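First up is the structure itself, then whatever we jot down about it.
The values are calculated or read from the model by the stated rules, or taken from the named source; none is laboratory data. The model shown is predicted, which means the values in this text are computed figures rather than measured ones. Cβ placement follows ideal geometry from the backbone for every residue including glycine, while neighbour counts extend to all protein chains displayed. The protein model used for the area step is the full one, side chains on, heavy atoms only, and it has no ligands, DNA or RNA in it. Shrake-Rupley method; radii C 1.70, N 1.55, O 1.52, S 1.80 Å.
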There are 2 protein chains.
Amino acid sequence: MPEDQFQYKSIGVIRTPFESPEGMPIQPVGADAADGTVEIDEAYADGLRDLSGFSHCILLYHFHAAADTASLEVEPFLDDEKRGVFATRAPQRPNRIGLSVVEIDSVTEHEVNVRGIDVVDGTPLLDIKPFVPEFDVPNDTATGWIDATESAIKSKQADNRFL
Amino acid sequence: MPEDQFQYKSIGVIRTPFESPEGMPIQPVGADAADGTVEIDEAYADGLRDLSGFSHCILLYHFHAAADTASLEVEPFLDDEKRGVFATRAPQRPNRIGLSVVEIDSVTEHEVNVRGIDVVDGTPLLDIKPFVPEFDVPNDTATGWIDATESAIKSKQADNRFL
């Protein structure tokens with residue numbers, strides 16, 4: 001493999017009520033009611049130890065349901081104008097890695113039950129990281145073109161533009 | 001490639017003052033003073049449009065300087081006990097994807113100048129996502145074994161345990 005390419009493997013699968021990207025909530029804040037289950041492959045289950053002490057975790061996953069075309073300019077769900085892809089969370093990215101911060105409900109031997117999940121059922125899992133506000137929450141943020149209040153994001157749903 | 005494997009490519013490189021993991025700050029909060037530059041490959045530069053409106057971004061990168069062995073139980077920098085790897089931010093993960101939230105200082109044609117960077121110079125970049133508090137900041141967080149105040153994290157530096 002060339003030095004600038006990296007091969008990652010699925011370490012589990014994310015189970016959710018969402019069968020397709022259409023109608024899915026946009027980001028966990030829009031999905032307060034949606035529970036999901038992160039199923040870890042047996043081989044990686046030991047890595048879940050100590051996770052239950054955290055209230056939230058960061059899921060990294062592969063956007064498997066998005067069309068296999070990368071675009072550098074996309075029209076995000078929250079806007080009608082094209083934006084540079086690195087200024088959006090759209091799935092059509094050069095590397096189709098998705099990220100969601102979710103609430104941990106419980107951790108079993110090889111499952112993490114989560115709240116506020118916003119991915120398609122069957123999404124391949126790449127990583128779980130504990131959410132640590134000291135690392136992950138900066139002060140004084142500004143959010144450019146996303147002039148969306150929490151309620152606006154909550155009321156928006158995904159459509160088929162990335163299918 | 002098997003269906004459960006995914007190939008990603010470097011889309012740029014992160015330039016920092018840190019030549020090796022040893023002595024590096026732990027996570028951006030410990031690296032207030034460290035400036036860095038995210039250099040995007042020419043082919044992806046158009047994707048940076050609109051990013052300058054955001055105060056912070058999430059960098060995803062490949063932990064290239066960590067030893068090539070995954071372990072499901074690791075002794076994190078902030079602790080002396082072994083913890084499940086998914087309850088830590090250690091680089092020795094089944095998929096060696098790193099994540100840092102950094103402050104955006106300026107965006108040029110194919111560079112993002114950032115503050116508070118905590119990765120080794122030459123780290124391959126996988127993705128840039130805008131940081132959006134409505135998506136990325138949950139309420140009421142608990143952080144399990146990480147009983148570390150901001151000042152404790154600030155005073156800790158990486159050692160060679162993951163080399």
Phi angles of the range A:6-13, converted by Karplus (6.51 cos²θ - 1.76 cosθ + 1.60, θ = phi - 60°) into ³J(HN,Hα) in whole Hz with x for Gly and Pro, give 10, 9, 10, 10, 5, 10, x, 9
Output row for A:GLU3: copy-to-copy label distances, label 7 Å along Cα→C-beta, ascending, in nanometres, one decimal, is 3.6
Taking a label point 7 Å from the Cα of B:LYS82 along Cα-to-Cβ, the residues of the range B:46-76 whose backbone nitrogen sits under 16 Å from it are B:69-76
Placing one equal point scatterer on each C-alpha of the range A:56-145 and summing with Debye, one gets log10 I(q)/I(0) at q = 0.13 Å⁻¹ equal to -0.54
In order over the range B:87-96: 3J(HN,Hα) from phi, Karplus 6.51/-1.76/1.60, θ = phi - 60°, whole Hz, x for each Gly or Pro, gives 9, 9, 10, 4, x, 6, 10, x, 10, 7
Under 5 Å from the placed amide H of A:ARG15, counting only residues 5+ away or on other chains, we find A:THR37, A:VAL38, A:GLU39, A:GLY122
Using a 1.4 Å probe on heavy atoms of the protein chains only, the accessible area for B:PHE6 in Å², nearest 10, reads 20 Å²
Copies of A:SER52 compared via label points 7 Å along Cα→Cβ give distances in nm, shortest first, of 5.1
Cα extents of the range A:31-96 per principal axis, largest first, Å, are 43, 27, 18
In order over the range A:44-55: 3J(HN,Hα) from phi, Karplus 6.51/-1.76/1.60, θ = phi - 60°, whole Hz, x for each Gly or Pro, gives 10, 4, 4, x, 7, 4, 6, 5, 5, x, 9, 7
With a 28 Å threshold on alpha-carbon distance, the violating pairs from B:LYS9/B:LYS129; A:LYS9/B:LYS82; B:LYS9/B:LYS82; A:LYS129/B:LYS9 are B:LYS9/B:LYS82
The FRET efficiency for A:GLU109 and B:SER106, from their Cβ-Cβ distance with R0 = 56 Å and rounded to 0.05, is 0.75
At the level of C-alpha centres, the distance separating the range B:108-145 and the range A:48-119, in angstrom, is 14 Å
